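Here is the structure we will look at, set down as structure tokens.
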Amino acid sequence: MVFSLRVISVMNVAAQALVKDEYSKVGLLGTAFTMEQDFYRGRLSRDFGLEVVIPNKEDRELVNDVIFQELCLGQVLSQSREEYARIAADMAAQGAQAIILGCTEIGMLLDQKDAPVPLYDTTVIHAAQAVSYALKG
């Protein structure tokens with residue numbers, strides 16, 4: 001028996017949403033690996049023409065540590081929310097028109113009221129695309 005399986009890329013659907021909304025320069029928050037390696041940033045840049053802003057090294061370490069030492073353990077701390085909000089504001093000051101929440105747990109911490117530019121939660125975008133695909137049959 002042969003099965004056909006459609007894979008919906010979280011990076012692609014996030015990038016498509018940003019392009020549809022006419023953004024060209026975006027911030028990226030996620031694990032250190034996600035922010036620093038080319039697999040995510042490169043795809044956004046090469047395949048979708050998006051310029052990607054990431055936090056400075058110290059802030060990338062903070063973002064990564066909060067993900068693994070707090071959010072993955074179900075802890076949502078107001079001090080971490082304040083730091084993430086500051087980092088989002090810094091990326092906006094660098095020209096980011098929107099910010100990708102590129103890790104499933106970040107949406108537990110950062111809300112639209114915490115950022116000066118639109119937040120694109122990849123978990124929400126990915127789930128919505130999967131539901132849309134499923135309903136189309």
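We did not get these values from a lab; they are worked out from the coordinates using the rules stated. This structure is a prediction, so every number in the text was calculated from the model and none was measured. In this analysis, Cβ positions are derived from the backbone assuming ideal geometry, glycine residues included, and neighbour counts consider all displayed protein chains.
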- line: Helix 122-136: inclination vs the chain longest Cα principal axis, degrees, rounded to 10, gives 20
message: Need the full-extension length gain, Asp90 to Glu22, defined as separation in residues times 0.36 nm minus the C-alpha distance. One decimal, nm.
response: 22.4 nm
Length gained when the stretch Leu135-Arg46 is fully extended (0.36 nm per residue, less Cα-Cα span): 29.0 nm
Cα gyration tensor shape for region 37-123, rounded if a/c is under 1.5, else prolate or oblate: prolate
statement: A student applying the Cα gyration tensor rule (rounded when a/c is under 1.5; otherwise prolate if a/b is larger than b/c, oblate if not) would label region 1-75 oblate
query: Looking at Ile8, Gly49, Leu28, which one has the Cα that reaches farthest to the positive end of the dipole of the chain (charges on Cβ: Lys, Arg +1; Asp, Glu -1)?
result: Ile8
query: Tell me, in nm to one decimal, what length is gained between Gln69 and Asp114 on full extension, where the rule is 0.36 nm per residue of separation less the Cα-Cα distance?
result: 14.1 nm
query: Helix 78-93 sits at what angle to the longest principal axis of the chain, using alpha carbons and giving 0 to 90 degrees rounded to 10?
result: 80
Within the chain, helix-based [θ] at 222 nm, where runs of 4 or more DSSP H residues each add -39,500 (n - 2.57), nearest 500: -16000 deg cm²/dmol
task: Can you tell me the 0 to 90 degree angle between the C-alpha axis of helix 38-48 and the longest principal axis of the chain, rounded to 10?
output: 60
task: With an 8 Å cut-off on Cα pairs and a minimum separation of 6 or more residues, tell me the relative contact order of the chain in percent.
output: 31
- prompt: Just how large is the dipole of the chain about the Cα centre, in debye to the nearest 20, putting +1 at every Lys and Arg Cβ and -1 at every Asp and Glu Cβ?
  reply: 600
